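The values are calculated or read from the model by the stated rules, or taken from the named source; none is laboratory data. As the structure is a computational prediction, the values presented were derived from the model and not from experiment. Ideal geometry is used to build each Cβ from the backbone, glycine not excepted, and the neighbour counts take in all protein chains shown. Quick note on the areas: whole protein, heavy atoms, side chains included, nothing else; ligands and nucleic acids left out. Shrake-Rupley method; radii C 1.70, N 1.55, O 1.52, S 1.80 Å.
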Amino acid sequence: MPSSPHDALFKATFGQPDIARSELELVLPAGVRAHLDLATLEVLPGSFVDEALQHTHTDLLYAVRAREPREPRGAADAADATDATAATAGATDGTEALVYVVFEHQSSQDAAMPFRLLRYLVRVWERWLRDHPDARKLPIVLPVLLHHGEGRWRMATDFASLLDASPELLEAVRPYQPQFRVVLDDLAALSPDALAARALHALGRLVQLALWSSRSMGRLERAAPLMRALAGTLARDARTRALLVQLYAYLWRAAPPDVAADDIRSILLRVAGPHGAEDVVNAGEQLIEQGQVKGLRVAITHVLAARALPLSELGRARVASCADVAVLTAWLERAAMAASEAEVFATTTG
């Protein structure tokens, strides 16, 4: 389960291909975009990151087809064709080239971010080689970072800057070290007006404003009129309403602890407008249910621990992954009397 309110909203939003496409069209350098057919963008399932880091973030992985290189018509075109050929370096004989994009978000400063992303890139390549044992080349993998912390991103975005050496030594060893730079989208460097005006899918802009405004009541008050204007342009289809409910629940969860829930609710109702009031209510109900689920999970493990009844890793995983209040309630009742783990989970699915 995502460990922070940011994670679920990030993945639910940018796990949508059209919203992800608009983000990459905005942040990727023009020279890179020219070689990619972003209309082919596909969101890939699963996680490619270190299991030890799963509790700290949620990652997304996209696959994009590389454009076919043009036939050169002159010196300038010949240079373009050389660049395009480089962009298709992931292709094996007879296959269409893919370029992968690892998309990560960060709400705080992390000096080791280039190293963290390097590990993610290596895991993508490891998966590629497992799936393509005859491949002689690796696909290109682009690291993209969305930062939405308190202040501007102050840490390095290139891997070489993490290496402890003099500039002269770094230059001497450059051909023998990993060389890459992170594509950074730093929301903290932008004003809410600039975020609202970005050339981005409207849902993406709304979510980025929510990420920006979650730090304080003052920020939320400042962003609320802009969010209201954006929300008013959205169609009331099932996907949009589901994301809006998640966004409102996010703003409730991410609010500073000294802010009253009723104050957040008042602002959310202004953002939603009269047609979206039901979405705010649904967000509140969702939070109540999530609180019940979390409480039941904790209660099950505590009751079993108090009774010195061992709970296996598989059992812990079942409890942690179950979001059904009725099932968890049944497990809790059994945990108080069961003689074994098997009796806790007997004849119940979840």
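Things worth noting here:
- Here ALA323 passes the criteria (1) among the hydrophobic types (A, V, I, L, M, F, W, C); (2) over 27 Å from the mean Cα position of the chain (by Cα); (3) not in a helix (DSSP H, G or I) except the one numbered (2).
- Number of residues in the stretch 254-275 that are in contact with a helix residue (DSSP H, G or I) (Cβ under 6 Å, 6 or more places away or on another chain) and without any contact (Cβ under 8 Å) to a residue 24 or more places away in the chain equals 2.
- So GLY218, is it within 22 Å of LYS11 (Cα to Cα) and either among the charged types (D, E, K, R) or in a helix (DSSP H, G or I) (or both): no
- The one condition in (1) of a type in the set (Ser, Thr, Tyr); (2) exposed (fewer than 13 other Cβ atoms within 10 Å of the Cβ); (3) over 25 Å from LEU243 (Cα atoms); (4) modelled with pLDDT of 60 or more that TYR100 fails to fulfil: (2)
- Failed item in (1) within 19 Å of the chain's Cα centre (by Cα); (2) open to solvent by 40 Å² or more (accessible area, probe 1.4 Å); (3) at pLDDT 90 or above; (4) not small (Gly, Ala, Ser), with ARG65 passing the rest: (1)
- Residue that is farthest from ARG334 (Cα to Cα), among those in the stretch 299-319 that are among the small types (Gly, Ala, Ser) and not in a helix (DSSP H, G or I): SER312
- Members of the stretch 122-144 that are free of Cβ contacts under 8 Å to residues at least 40 places away in the same chain and part of a helix (DSSP H, G or I): VAL122, TRP125, GLU126, TRP128, LEU129, ARG130, ASP131
- With respect to (1) surrounded by 15 or more Cβ atoms within 10 Å (Cβ to Cβ); (2) among the polar types (S, T, N, Q); (3) under 30 Å from LEU209 (Cβ atoms); (4) more than 24 Å from the chain's Cα centre (by Cα), the lone exception for GLN286 is condition (4).
- Residue pairs meeting the criteria (Cβ under 9 Å; at least 6 apart or on separate chains; first touching a residue at least 60 places away in the same chain (Cβ under 8 Å) and assigned to a loop (DSSP other than H, G, I, E, B), in the stretch 199-213; second among the basic types (Lys, Arg) and surrounded by fewer than 22 Cβ atoms within 10 Å (Cβ to Cβ)): HIS201/ARG21
- Qualifying residue in the stretch 298-307 (condition: in contact (Cβ under 8 Å) with a residue 24 or more places away in the chain, surrounded by fewer than 12 Cβ atoms within 10 Å (Cβ to Cβ) and not basic (Lys, Arg)): no
- Taken over the stretch 173-198, residues that are open to solvent by 50 Å² or more (accessible area, probe 1.4 Å) and assigned to a helix (DSSP H, G or I) amount to 4.
- Residue in the stretch 295-315 that is of a type in the set (D, E, K, R) and either in contact with a His (Cβ under 9 Å, 6 or more places away or on another chain) or modelled with pLDDT under 85 (or both) present: no
- Restricting attention to the stretch 255-277, the residues that are modelled with pLDDT under 85 and closer than 16 Å to ALA210 by Cβ add up to 3.
- Candidates in the stretch 323-347 are the residues that are of a type in the set (Ser, Thr, Tyr) and more than 22 Å from GLN286 (Cα to Cα); of these, the one that is surrounded by the most Cβ atoms within 10 Å (Cβ to Cβ) is SER340.
- Residues satisfying the stated conditions in the stretch 229-261, i.e. under 22 Å from ILE288 (Cα atoms) and either among the β-branched types (Val, Ile, Thr) or touching an Asp or Glu at 6+ places or on another chain (Cβ under 7 Å) (or both): THR240, ARG241, LEU244, VAL245, TYR248, VAL259
- Neighbours by Cβ (under 6 Å, 6+ apart or cross-chain): first from the stretch 180-193, within 15 Å of ASP158 (Cα to Cα); second part of a loop (DSSP other than H, G, I, E, B) and polar (S, T, N, Q): ARG181/THR157; VAL182/THR157; LEU184/THR157
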